[in-house]
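Encoded as structure tokens, the structure appears first; notes follow it.
The values are calculated or read from the model by the stated rules, or taken from the named source; none is laboratory data. Just so we're clear, the structure is a prediction, and the values are computed from it rather than from any experiment. With ideal geometry, Cβ positions are generated from the backbone for all residues, glycine too; neighbour counts draw on all protein chains shown.
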Amino acid sequence: MGCTASDVVAAIKAVADVVAEHKVELTQLDRAIGDADHGENLNRGFTAVLAALDGATPETPSAVLKTVATTLISKVGGAAGPLYGTAFLRAATATAKSDELDAAAVVAALTAALEGVVARGKAEPGDKTMVDALEPAVRASSAAADDGGDVAAVLRAAADAAASGAEATIPLVARKGRASYLGERSAGHLDPGARSSSLLLRALADVAAR
Amino acid sequence: MGCTASDVVAAIKAVADVVAEHKVELTQLDRAIGDADHGENLNRGFTAVLAALDGATPETPSAVLKTVATTLISKVGGAAGPLYGTAFLRAATATAKSDELDAAAVVAALTAALEGVVARGKAEPGDKTMVDALEPAVRASSAAADDGGDVAAVLRAAADAAASGAEATIPLVARKGRASYLGERSAGHLDPGARSSSLLLRALADVAAR
Amino acid sequence: MKKIINDPSTVVAESLRGFALAHADLVTVQEDPAVVYRADAPVPGKVALISGGGSGHEPMHGGYVGRGMLSAACPGAVFTSPTPDQMQDAITKTDGGAGVLLIVKNYTGDVLNFETAAELAAAEDVEVRSVVVDDDVAVKDSLYTAGRRGVGGTVLLEKIVGAAAERGDDLAACEALANRVIANVRSMGLALTACTVPHVGEPSFDLAEDEIEVGIGIHGEPGRQKMKIAPADELVDRLLDPILEDLPFTAGDRVLLFTNSMGGTPPIELYLAHGIAERKLADAGITVERRFVGPYITSLEMQGMSFTLLKLDDEMVGLWDAPVHTPALRWGV
Amino acid sequence: MKKIINDPSTVVAESLRGFALAHADLVTVQEDPAVVYRADAPVPGKVALISGGGSGHEPMHGGYVGRGMLSAACPGAVFTSPTPDQMQDAITKTDGGAGVLLIVKNYTGDVLNFETAAELAAAEDVEVRSVVVDDDVAVKDSLYTAGRRGVGGTVLLEKIVGAAAERGDDLAACEALANRVIANVRSMGLALTACTVPHVGEPSFDLAEDEIEVGIGIHGEPGRQKMKIAPADELVDRLLDPILEDLPFTAGDRVLLFTNSMGGTPPIELYLAHGIAERKLADAGITVERRFVGPYITSLEMQGMSFTLLKLDDEMVGLWDAPVHTPALRWGV
Ligand SMILES: Nc1ncnc2c1ncn2[C@@H]1O[C@H](COP(=O)(O)OP(=O)(O)O)[C@@H](O)[C@H]1O
Ligand SMILES: Nc1ncnc2c1ncn2[C@@H]1O[C@H](COP(=O)(O)OP(=O)(O)O)[C@@H](O)[C@H]1O
Ligand SMILES: [Mg+2]
Ligand SMILES: [Mg+2]
Ligand SMILES: [Mg+2]
Ligand SMILES: [Mg+2]
């Protein structure tokens, strides 16, 4: 049994709650090595996503993801807007044909999302960006699926890997995004985008585990 | 025996020293109820006075006072520049005919100075200005001269009265000058101009006492 | 104190030097005594307009010297009125034979120093008149006080009377117009932060993290009243209500609304306040015909703002719109 | 945090409302999606120039919309790049048939959002080109980083290319000219104080009472290096030396010197620094042919400054001097 459109809506709502809860934390992380808006940006975006989903009844998981994508693109701005927007857009495309998402579809969606982020942002692992959370997450989710894991297991693996990946950005010197302007001074801080990616995946995993 | 031109020069130099010493104090008093420049203004003026007197050999006390007056007028600015400038100018005029100043001449000079300040500034006693130091000083000096006091006695009386007059400005609500903008909030502070007048007279008295 | 300066005692002189280099096409800067002249002064047959005051209010007054505005400006030490020798020099070098109008802000120091300069000039046969601007409604006016301060209205007066002088109005006409502006202009300001005079080295008054001063002047003097910071809607009321009541301004009036930054308040906040004020005036039936928004009369880096309201007539509107070409204001040229 | 605002979440919208009221003769402000348009847009046959970026840098960019400069500006949230739907709206409504040039400052967010907008516009048959300004020498350029930031050079580019578009240059010519400006302009800035983003409520970085940040950007990001405050002479060296070395600028060059306040630094300090810089350039045999001094690209109320140096050629000088009429810049009109 996979996730239906309404499961995905529920998951996105959980993501929005987590973003709201961690708004200040994300902004504070961005204050240290960026411009102190990451939490604010994502919260503005997911607040708009909630409004867009409110009353709407998208028929497929893909339709839900597409609404999330276009809303984030038009409301977030900054680097995170086009990056997360593209991620959700690619995920929507990757799942276009399914009414329900099984573990393999979730892995495909995550893989497409990462490819979208990399296509737009050109970051490589180790550049101290959200890619450092997303890339290990995709690898772990794929491994979990290969091991026969269900959606919950796949997302748990992704969330766990993203969390370690995000933590691992702390010592890095940023080579992409605003933090790169700081050069060596960017080391010693958790990357806000990596942290938000890990929070997003954890929220999805938590919903799947219910 | 009265004061010669060089006695007056010595007295003015002493005044300049005292102004320099109390520059910060006067500015701080002005910070509380004015615009934080009174000490700076007077110090700029008396530094220029020292330069003007340096090398010059004015022949009469009046000539010395006139140099002080024109220098203060052209260097001090603010309210204190024209007020002290006029005071010294009137004192110069009042003593124009003397080679040496006796007690009576000193009283005449102080009286003329006060009249000059009042003519320019239109302040009355109790308005919380330098007049509240100068007016009792003139009265006391005149009384001391009437009692047969010499120059030193006359100036000591003036300085003592100015000191009490200045202290007495503390509870007053200002009705002239910048402090008047504060209305009731000007009460509880020593008027900077009254304080500087009392310092000037004390410096003169100290030189005369030597 | 953190400032981009070398030495508190040379700030004004060094700043004037940079100003002179930046605007050599428009003004000539004399170092001692310090005077900023129109590059083409004296203009024969034209009434000369001279103003001056302490430094630290830039662009006022040096930034307003040029065609259609001031003939010369006398910059004093920071927040200290200039001295009569500066003014005398300005009078002598700008008089084009049509006389000189001194624009004095009502501060004891400014008034006394300009008074002395006018006396000295009268002795030299230059026709000199003075007008005293006192538009700050935060200060209670009374025969028994120093009276109201001159603040934002000064800039509007310099523009309007400057245009009149430029078109050839004579001294009496310029003086009368200046007094008409003074009679119809009112201002009030507030500060979020104090400013620091370079030679003092510490803020000119103390304010808590959540406090503001209402009814401030432009010299870092404390205001009439401290209050807690409040929403912009309320702050605008606090400034505009006393202005409207004072003249008073009433429904049907045509006005110029001047929304001024004290220096440190950025445009994003200033325009926000301006918008609130415009809507408030519209609600009161007052027509905002001209607006002027920016840091035009400042107190160093002070954060805060002021409103100035000028009741307009057709002649003032025409003169406001007339060409001006100075370092800080330029249009129609 | 003390600011003249009602609510952090409505600051940009409320400020734009005041801006619209203040400059209704020059611009039209659309609320959602937020775009500031030239009142007469689209101008048929003229290349449209569009810029945009986070709010908080006023007068950039909305203040530069008008004749001889931008066709439209897209204001984002404070310090956050605008979104593609704003840009798309701006493209559609300003295209006069001669194509659109997007002026993008090199920040990941701005680049990605403008890229998305350009893709969307291309699908609708509007010819769109982009140029990316990256003049900040504080940031080491490298293929493996986000590259240099776009700062003060952006304003000069908007003026110069705006004049070219106004005289009728085609899209390819405007793009080539823009890239020539980019190739010849360099900037660097420092901060004495941090600024406070309204929704954050606390300063964007921490600085001790005697410290400054050198090599800051315009988004309240910390700089490359903290140092103790030093005399203005030394601060000017700290900014100008890296600029001069980078291009490099050498004896015989003709330049425009742009001395910019980050918002909270008042004219008295800015002109002082400008004067030092002019003399330093003269000593190096570099001719300062044009100067531009003021708060033209800011970071809210931040105290600090930047220098921008543009190596001029005759065409650029002519275009710089050409008439401009926008809320923040006006001459020749
Ligand atoms: N080129 C890039 N590729 C991937 N992620 C990036 C890139 N540039 C920035 N990011 C991510 O975006 C985050 C910052 O997002 P945000 O603060 O919302 O945007 P901005 O930097 O425009 O203010 C960074 O922490 C980083 O993880
Ligand atoms: N009208 C006046 N008559 C007499 N003294 C005055 C008058 N106005 C101001 N003063 C004196 O001048 C002092 C302030 O001098 P100063 O600070 O140098 O000038 P400013 O007020 O212009 O900054 C006040 O403390 C007061 O004693
Ligand atoms: Mg950010
Ligand atoms: Mg004072
Ligand atoms: Mg003063
Ligand atoms: Mg941002």
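Restricting segment D:93-118 to residues that are farther than 23 Å from D:Pro44 by Cα and among the acidic types (Asp, Glu), which is surrounded by the most Cβ atoms within 10 Å (Cβ to Cβ)?
Within segment D:93-118, the match that is surrounded by the most Cβ atoms within 10 Å (Cβ to Cβ) is D:Asp110.
Go through segment B:1-73 and tell me which helices (runs of 4 or more DSSP H), entirely inside it, have 3 or more residues that are within 14 Å of the chain's Cα centre (by Cα).
Helices (runs of 4 or more DSSP H) meeting the threshold: B:5-21, B:38-53.
Might you check whether a residue that is more than 16 Å from ligand 4 (Cβ to nearest atom) and closer than 19 Å to C:Ser306 by Cβ occurs anywhere in segment C:165-182?
yes
Hey, can you tell me all the residues within segment C:84-112 that are in a loop (DSSP other than H, G, I, E, B) and away from ligand 5 (no atom under 12 Å from the Cβ)?
C:Asp95, C:Gly96, C:Gly97, C:Ala98, C:Gly99, C:Asn106
Condition first: closer than 24 Å to A:Lys176 by Cβ, acidic (Asp, Glu) and touching a helix residue (DSSP H, G or I) at 6+ places or on another chain (Cβ under 6 Å). Now tell me which residues in segment D:112-168 satisfy that.
Within segment D:112-168, D:Asp135 is the sole residue that qualifies.
So if I check each of A:Ala174, A:Ala179, which one is outside any helix (DSSP H, G or I) and within 16 Å of ligand 6 (Cβ to nearest atom)?
Testing whether each residue is outside any helix (DSSP H, G or I) and within 16 Å of ligand 6 (Cβ to nearest atom) leaves just A:Ala174.
Out of everything in segment A:24-37 that is more than 17 Å from D:Thr196 (Cβ to Cβ) and either modelled with pLDDT of 95 or more or of a type in the set (D, E, K, R) (or both), what residue ends up being farthest from ligand 1 (Cβ to nearest atom)?
In this case the residue turns out to be A:Glu25.
For segment D:38-58, which residues satisfy the criterion of being closer than 19 Å to D:Met302 by Cα and either free of Cβ contacts under 8 Å to residues at least 60 places away in the same chain or in contact with a Pro (Cβ under 6 Å, 6 or more places away or on another chain) (or both)?
D:Gly53, D:Ser55, D:Glu58
From D:Leu309, D:Leu257, D:Leu300, D:Leu235, which residue is touching a strand residue (DSSP E or B) at 6+ places or on another chain (Cβ under 6 Å), at pLDDT 95 or above and within 14 Å of chain C (Cβ to nearest Cβ)?
D:Leu257
Name the residues in segment D:206-223 that are within 16 Å of A:Ser180 (Cα to Cα) and more than 10 Å from chain A (Cβ to nearest Cβ), would you?
Selection gives D:Val214 alone.
Filter segment A:53-96 for residues that are among the basic types (Lys, Arg) and either within 16 Å of ligand 3 (Cβ to nearest atom) or free of Cβ contacts under 8 Å to residues at least 24 places away in the same chain (or both) and give the result.
A:Lys75
Could you tell me whether A:Ser98 is out of contact with any Phe, Trp or Tyr (no Cβ under 7 Å at 6 or more places or on another chain), at pLDDT below 95 and more than 16 Å from ligand 1 (Cβ to nearest atom)?
yes
Would it be correct to say that B:Ala96 is touching a helix residue (DSSP H, G or I) at 6+ places or on another chain (Cβ under 6 Å), within 16 Å of ligand 4 (Cβ to nearest atom) and outside any helix (DSSP H, G or I)?
no
Out of B:Ala119, B:Ala113, B:Ala123, report the one residue that is touching a helix residue (DSSP H, G or I) at 6+ places or on another chain (Cβ under 8 Å) and more than 19 Å from C:Ala146 (Cβ to Cβ).
So the residue among B:Ala119, B:Ala113, B:Ala123 that is touching a helix residue (DSSP H, G or I) at 6+ places or on another chain (Cβ under 8 Å) and more than 19 Å from C:Ala146 (Cβ to Cβ) is B:Ala113.
Counting only residues that are closer than 13 Å to D:Leu171 by Cα and in a loop (DSSP other than H, G, I, E, B), how many does segment D:44-62 have?
3
Is there a residue in segment B:32-50 that is more than 16 Å from ligand 5 (Cβ to nearest atom), within 14 Å of chain C (Cβ to nearest Cβ) and surrounded by fewer than 19 Cβ atoms within 10 Å (Cβ to Cβ)?
Yes; the residues of segment B:32-50 include at least one that is more than 16 Å from ligand 5 (Cβ to nearest atom), within 14 Å of chain C (Cβ to nearest Cβ) and surrounded by fewer than 19 Cβ atoms within 10 Å (Cβ to Cβ).
Answer with yes or no whether D:Ser142 is outside the structural domain of D:Gly66 (by TED's automatic domain parsing) and not aliphatic (A, V, I, L, M).
Here the answer is no, as D:Ser142 does not meet what is asked.
Could you list, in sequence order, the residues of segment D:9-51 that are more than 9 Å from every other protein chain (Cβ to nearest Cβ), touching a His at 6+ places or on another chain (Cβ under 8 Å) and not hydrophobic (A, V, I, L, M, F, W, C)?
Scanning segment D:9-51 gives a single hit, D:Ser51.
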